[in-house]
Amino acid sequence: MNLGNLLKDIPDINVDINIDLTKFTTMKLIANGDLITVLAISALKEVTKTLTRNNVSYIILGWGANMLLKKQSTLPYIKLDFPFDRNIFETSENYFKLPASAPLSSLTAVAVQKGFKGWDVFTGIPATLGGAIAMNAGTNLGEIGSLIKEVVVVDKFGKERTEIINEKSFSYRKNHFLKSGDIVVGATMKHFGIDEKIKTLIKEYLGKRNSSQPMQMKTCGCVFKNRKIVDKTCHAGGHIDRIGLKGLYYNGVQVSQVHANFMENIGNASYEDVLELIEIINDELNMTFGWTLETEVKL
């Protein structure tokens with residue numbers, strides 16, 4: 001089925017067929033596929049409805065920081081590019097309606113400028129707001145779910161709904177309200193007041209991340225989720241380091257020498273190469289400890 005012909009009558013979208021998608025992920029894996037760039041929510045509704053009606057599934061692509069793209073995808077990717085007016089922050093409100101495509105880096109810059117308390121929790125995370133909400137992204141400072149009041153979603157049938165967030169909406173690196181085919185298009189995010197110390201806190205945390213994580217390398221962020229045992233958190237990177245796998249190399253990808261829960265693309269690695277290294281690590285963990293780690297990165 002020709003994707004361009006299928007979607008040709010829908011305004012506010014761009015369709016690129018079988019293009020090089022390497023630059024669309026932070027790990028820069030070799031990848032090709034079809035890309036639908038959507039510029040408005042009304043257009044997205046038509047896109048998802050049309051694709052579903054024609055039995056075409058799709059994958060939502062944010063910054064590509066927490067996902068691995070296949071070398072040749074059989075499914076089209078959808079990328080949101082909605083308007084983001086930064087003047088929205090020139091008010092005394094403590095909550096803001098934001099587009100899902102807003103970069104967290106831009107929101108961090110706002111937090112530094114305005115001193116928004118609580119917005120330090122996503123410091124240094126290379127993601128869009130929508131992607132961060134979908135996986136409840138966070139750092140040692142907290143998780144983004146604690147800041148979200150409402151989430152606007154478009155489903156695979158082109159229907160829009162609003163999810164009111166409560167204490168059961170999120171858990172560690174998970175949301176509990178998105179269904180298959182759902183796409184986050186916007187959210188209402190709050191802060192907890194103004195704190196002049198936020199600027200310093202964010203700068204200090206960025207410095208810590210830069211010294212303890214391979215921030216300048218081609219990675220997908222943390223590969224594995226930390227393991228919860230009763231009320232104790234077992235850090236994935238610490239266990240991988242403990243069994244001596246820092247620096248382990250396979251076909252262009254290696255376990256980082258800086259932080260063992262990161263993999264670095266130091267050659268021309270592909271999706272399959274990363275999967276193989278993940279399997280090797282889990283085999284070693286299983287032989288040593290009797291358990292394996294769940295991946296945080298989307299496969």
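Coordinate-derived values only; no laboratory data. Here the structure is a predicted model, which means the values were calculated and not measured. Every residue, glycine among them, receives a Cβ derived from its backbone with ideal geometry; neighbour counts consider all protein chains shown.
Fewest first, what order do Phe170, Phe116, Phe177 take by the number of other Cβ atoms within 10 Å?
Working: Phe170 21, Phe116 24, Phe177 18.
In increasing order of surrounding Cβ atoms, one gets Phe177, Phe170, Phe116.
Normalising the Debye intensity of the chain to I(0), with uniform scatterers on Cα atoms only, and taking log10 at q = 0.09 Å⁻¹ returns -0.47. Ser146 sits among other residues whose Cβ lies under 12 Å from its own Cβ, and their net charge, with Lys and Arg +1 and Asp and Glu -1, is 0. Step through the table entries Lys28/Lys246; Lys97/Lys197; Lys45/Lys190; Lys117/Lys190, compare each Cα-Cα distance with 18 Å, and write down the pairs that go over it. Going by Cα-Cα distance, Lys28/Lys246; Lys97/Lys197; Lys45/Lys190 fall outside the 18 Å limit.
Counted by Cβ distance under 12 Å from Gly237, the other residues give a net charge of +2, where Lys and Arg count +1 and Asp and Glu count -1.
Using +1 on the beta carbon of Lys and Arg, -1 on that of Asp and Glu, and nothing else charged, what's the dipole of region 1-119 about the Cα centre, debye to 20?
Details: 13 positive and 10 negative charges, 73 e Å.
It comes to approximately 360 debye.
A simple spin-label model places pseudo-atoms 7 Å from Cα toward Cβ; at Leu275 and Lys149 they are separated by 4.3 nm. For region 197-299, just say rounded, prolate or oblate: build the C-alpha gyration tensor, square-root its eigenvalues into a ≥ b ≥ c, call rounded for a/c under 1.5, and beyond that prolate if a/b exceeds b/c, oblate if not. Verdict is oblate for region 197-299. Residues considered: Gly145, Gly207, Gly118. Largest GNM mean-square fluctuation over the chain, using C-alpha springs under 10 Å, is found at Gly207. Sequence-ordered 3J(HN,Hα) estimates for region 196-206 from the Karplus curve with 6.51, -1.76 and 1.60 and θ = phi - 60° stand at 5, 7, 4, 4, 5, 4, 5, 5, 5, 5, 4 Hz, glycine and proline given as x. Using r as the Cβ-Cβ distance of Leu206 and Thr52, and R0 as 35 Å, what FRET efficiency do you calculate, to the nearest 0.05? For Leu206 and Thr52, the calculated efficiency is 0.30. Among Val110, Ile198, Ala260, pick out the residue whose Cα is farthest towards the positive end of the charge dipole of the chain, where Lys and Arg carry +1 and Asp and Glu carry -1 on C-beta, about the Cα centre. It is Ile198, whose Cα lies furthest towards the positive end.
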